[in-house]
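The values are calculated or read from the model by the stated rules, or taken from the named source; none is laboratory data. What you see is a predicted model; the values in this text were computed from it and never measured. A quick note on method: Cβ atoms are made from the backbone with ideal geometry, for glycine too, and the neighbour counts reach across all protein chains shown.
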Amino acid sequence: MLAASASAQAGIQIPAGDWTVDIGGVVNAYYTTTNFSGDDATAGERGNGKSVNNITTGLLPNYLAVSGKSRQNDLDIGFTISINPGASTTHAGIQSAQQENRQAFLTLGDASWGSVKLGKDLGIYASDAILNDMTLLGVGSAAGSLAGNTTTLGRIGRGFMYADWKAQVAYTTPNWNGFQATVGVTQGWNALGENGVSAGSFERSGNAPAFEAKASYAWTGDVAGKVWASAISQKVEGLSNITALGAATGPSLGSSRATAWDLGAHVDVANFGLTGYYGKGKGIGQTVQLAGGFDDAGKKRDSDNWYLQATYALPTATKLGVAYGESTLDGNRAADAFKNVEANMWTVGAYHPITKSVNLVAEYSVAKDKTDNRAAADTELKAKTLSLGAILFF
């Protein structure tokens, strides 16, 4: 199911001349209730003691993908195009929920030498971290603040960085007895400072592409599993502080490079599943890539991401899981508004297949944000989310 969530394949197959067309996807919905406590400068609906209730999609959006494959001129060729409509709205009379278009790529290759992908698909760095996260079938964090969007955040920014969906040219080797590697060039992104794109923030332009790679080894048997490692590097050109969106002032701060690497492992023993993950970055940020990775003087900030997860499948096929993850972003100077930022989350979940396509899901997550604020008092915000719903793969 985790693999299906990435490419929505092996759904409804239709022979069409030289082609085999595959229509697949995901539909999910959850009732969520989130209770907030602690210090929150924004207050409002997320203030201390407030509760928010939503009916929305989880970490996976609703998904409809059309794929095709064919063998032509001794080449395996294929394509995938997907749409991802939102299922939550928050205003009367408005039915235009947000929509994403996550995939639009072609592939060509052969079993003897591998395959090449051109177009938009899941990023390479940190992709295995999200595909092994149990909240991929559920909700995780941000259910109380992302109603009207296409997804929640799951464990993104609370154990691993988002791989995201990127325009790319990537090569994947054949599978050599369980070992496989991918290298690719992906679209360079702008690097946003501590305050995003608001007045007084810092911005660096991503004029250069990013370089990403990963390698993995998988094995089967009574003790089955997979180990992987991945990395990313992107050069960013320096701009100064900006007083308004797109209005730069002050001298250029030259160029720098954002980098990150990670290691992970998943092991299945009898009915138990164990997953461990660690990632480290410089200038890459904490939650989404190249956001908050540089301080207001253009210096790189260090970040760490890690999570541990354990699952157990009952004789009824119900899978029970518990996981803890943490992401941190370090400050650099006394003048920085924030010295250190930490976001963590506990999750317990139950995932029960009532058919081969439909899972009932119950999750409870406790997400906590801690900020060491040099300019004012330190803050801590906690969000407790209970979610109940179902997810269907086809």
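Tabulated data
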item: Unmet criterion (only one of (1) in contact with a Phe, Trp or Tyr (Cβ under 9 Å, 6 or more places away or on another chain); (2) touching a residue at least 40 places away in the same chain (Cβ under 8 Å); (3) more than 30 Å from Ala215 (Cα to Cα)) for Val358; result: (2)
item: Residue among Pro61, Pro15 that alone is modelled with pLDDT of 90 or more, part of a strand (DSSP E or B) and not β-branched (Val, Ile, Thr); result: Pro15
item: Some residue of the stretch 356-375 being assigned to a loop (DSSP other than H, G, I, E, B), at pLDDT below 95, over 23 Å from the mean Cα position of the chain (by Cα) and aliphatic (A, V, I, L, M); result: yes
item: Residue count for the stretch 287-303, restricted to those that are in contact with an Asp or Glu (Cβ under 8 Å, 6 or more places away or on another chain), surrounded by fewer than 23 Cβ atoms within 10 Å (Cβ to Cβ) and assigned to a loop (DSSP other than H, G, I, E, B); result: 3
item: So Ile83, is it within 18 Å of the chain's Cα centre (by Cα) and assigned to a loop (DSSP other than H, G, I, E, B); result: no
item: Check on Lys69, within 17 Å of the chain's Cα centre (by Cα), in a strand (DSSP E or B) and touching a residue at least 40 places away in the same chain (Cβ under 8 Å); result: no
item: Elements of type strands (runs of 3 or more DSSP E) contained in the stretch 171-286, each with 1 or more residues being at pLDDT below 75 and buried (at least 20 other Cβ atoms within 10 Å of the Cβ); result: 201-205, 223-244
item: Odd one out for Phe160 among (1) crowded, with 23+ Cβ neighbours inside 10 Å; (2) over 9 Å from the mean Cα position of the chain (by Cα); result: (2)
item: Scope the stretch 260-269; condition more than 22 Å from Ala208 (Cβ to Cβ) and touching a residue at least 40 places away in the same chain (Cβ under 8 Å); matching residues; result: Gly264, Ala265, His266, Val267, Asp268, Val269
item: Subset tally (residues that are among the aliphatic types (A, V, I, L, M) and either farther than 15 Å from Thr311 by Cα or in contact with an Asp or Glu (Cβ under 8 Å, 6 or more places away or on another chain) (or both)) for the stretch 118-144; result: 9
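Yes/no per residue for (1) over 30 Å from Val52 (Cβ atoms); (2) touching a residue at least 12 places away in the same chain (Cβ under 8 Å):
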{"position": "Gly93", "(1), (2)": "no, no"}
{"position": "Leu106", "(1), (2)": "yes, yes"}
{"position": "Ser127", "(1), (2)": "yes, yes"}
{"position": "Ile156", "(1), (2)": "no, yes"}
{"position": "Trp165", "(1), (2)": "no, yes"}
{"position": "Gln180", "(1), (2)": "yes, yes"}
{"position": "Thr186", "(1), (2)": "yes, yes"}
